[in-house]
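So the structure is just underneath, and the comments pick up after that.
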Amino acid sequence: MARPKAIAVVSGGLDSVTLAHLLHAQGYQLHLLSFDYGQRHRKELFFAERCAQRLEATFSLLDLRQLGQHFKGSALTDESVAVPDGHYAAANMAITVVPNRNAIMLSIAYGIAVAEEAEVVAFAAHAGDHFIYPDCRPAFIEAFGAMERLAVEGHGHPRLHLEAPFAHLKKEQIVSLGAALGVPFVETWSCYKGGEKHCGTCGTCNERKEAFQLAGIPDPTDYLQ
C-alpha cells in the first residue's frame, strides 16, 4: 500500500526538523517545504535540505523574497532593525515577529497538499511560541484548520487536515522527543543572527540552551557565548 503523504513546513530549526523526523517515524511520505522570504540569513535553509536528504523526502525551497521586502520593522526581515538579545519570552522579542508568516506559508502548503493528494499539512508551532507569536497559538491553529477545510472543500484528499503536534509541548519536551527519534541536533539551526556559530545571546539561542538543560540532554551546539 502507498504511504500517506504529509506536507511539512520545515525551516531547518530544531522544532521543525524534529517534526519531520516524527512524521517520518509515523510512516508518512514527506514533502518538506522551506521558504526564503528575505530573512536575515539563509543558514537554517541548508539544514532543512539536509533533513530532507536524510529522510529521503521531497524538498522544495520556495522564493518569497519579493514578498519579504514588504515586511518592514521585523528584526528577521529588516536589516535596519537589530536582533534583540535576552530571554525568548521577553517583551522585546516582539520585534522578531514577521506578520502573518505562518498563515502565508500554510496557505501555500495547503495548495500543494491539494495538488499532491496529501492527507496532512504540518508545522512545528509549540507552547513556548505562545508568548510572542500569535500565529503559533492554539486558537490560530484551530481557526486556520477550519478555514482551510472550507477553502479546499471538495478538492484534494478527503482527509486533508492541519497538524501541529507540538502546540501544547514545551521546547524541552521537543528536545526529549527529538532525542528519542535520533534527531541529529547539531544539524539544526536556531540563531536569528546567522553567524558562523550560534551567538548564544539572542532569544532563540537562549531558548535552545534552556531546552537542552531542562531536558537533561547534552547540547551539541557550538555557541559564541
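Descriptive notes on the structure:
- Residue in the stretch 130-150 that is in contact (Cβ under 8 Å) with a residue 40 or more places away in the chain, crowded, with 17+ Cβ neighbours inside 10 Å, assigned to a strand (DSSP E or B) and touching a helix residue (DSSP H, G or I) at 6+ places or on another chain (Cβ under 7 Å) present: no
- Taking first residues from the stretch 33-59 that are under 20 Å from H21 (Cβ atoms) and surrounded by fewer than 16 Cβ atoms within 10 Å (Cβ to Cβ) and partners that are modelled with pLDDT of 95 or more and polar (S, T, N, Q), the Cβ contacts under 9 Å between residues at least 6 apart in sequence or on separate chains come to T58/Q29.
- Test: residue in the stretch 113-121 that is open to solvent by less than 50 Å² (accessible area, probe 1.4 Å), in a loop (DSSP other than H, G, I, E, B) and modelled with pLDDT of 95 or more: yes
- Tally of residues being at pLDDT below 85 and open to solvent by less than 80 Å² (accessible area, probe 1.4 Å) across the stretch 64-91: 4
- Tabulated pairs, the stretch 188-214, first free of Cβ contacts under 8 Å to residues at least 60 places away in the same chain and of a type in the set (F, W, Y), second open to solvent by 30 Å² or more (accessible area, probe 1.4 Å) and part of a loop (DSSP other than H, G, I, E, B), C-beta under 8 angstrom, 6+ apart or interchain: F212/P218; F212/D219
- Exclusive hit being of a type in the set (A, V, I, L, M) and in contact with a helix residue (DSSP H, G or I) (Cβ under 8 Å, 6 or more places away or on another chain), set A82, A115, A52, A91: A52
- Selection count where residues are outside any loop (DSSP other than H, G, I, E, B), touching a residue at least 40 places away in the same chain (Cβ under 8 Å) and farther than 22 Å from V97 by Cβ, scope the stretch 168-187: 9
- The stretch 183-225, residues that are closer than 16 Å to H41 by Cβ and loosely packed, with under 14 Cβ neighbours inside 10 Å: G195, E196, K197, L224
The values are calculated or read from the model by the stated rules, or taken from the named source; none is laboratory data. Small disclaimer: the values here were computed from a predicted structure and weren't measured. Glycine also receives a Cβ, built like all others from the backbone with ideal geometry; neighbour counts cover every protein chain displayed. Heavy atoms of the whole protein, side chains included, go into the accessibility calculation; ligands, DNA and RNA do not. Shrake-Rupley method; radii C 1.70, N 1.55, O 1.52, S 1.80 Å.
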